Amino acid sequence: MKGYVYILASKRSGTLYTGVTTDLPGRLFEHQNELTKGFTSRYGVKTLVWFEEYDLVTTAITREKTIKKWPRQWKLNLIEAMNPDWEDIAHYLHGL
């Protein structure tokens, strides 16, 4: 089963949330519509700014745990390497 690691942001260089899921479009919908109470709904973290796809969800889980331990600047660098303008990249999910 595929897995996805993703980072959401409240705004450019704002509050970040790193997560993992097997259904990225579905999980993003939950975050954006505040269907799950918690960190992202409390802090308005709804913009998909980075993600990676893995063939195995277990690999994605390991990657997520690694990224969560990183210093904030490393996460900012990771986002900006893929998405220098901090655009909402949710449109890339069509077809997943």
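Show me the helices (runs of 4 or more DSSP H) found entirely inside region 16-87 where at least 2 residues are more than 14 Å from the chain's Cα centre (by Cα) and surrounded by fewer than 18 Cβ atoms within 10 Å (Cβ to Cβ).
39-43, 57-69, 72-82
Of everything in region 1-15, what is surrounded by 14 or more Cβ atoms within 10 Å (Cβ to Cβ) and on the phi > 0 side of the Ramachandran plot? Give them in sequence order.
none
Could you go through region 14-26 and let me know if any residue there is closer than 15 Å to Asn83 by Cα and not hydroxyl-bearing (Ser, Thr, Tyr).
yes
No lab work stands behind these numbers, since they all come straight from the coordinates. As the structure is a computational prediction, the values presented were derived from the model and not from experiment. Here Cβ is always computed from backbone atoms with ideal geometry, including for glycine, and neighbour counts include all displayed protein chains.
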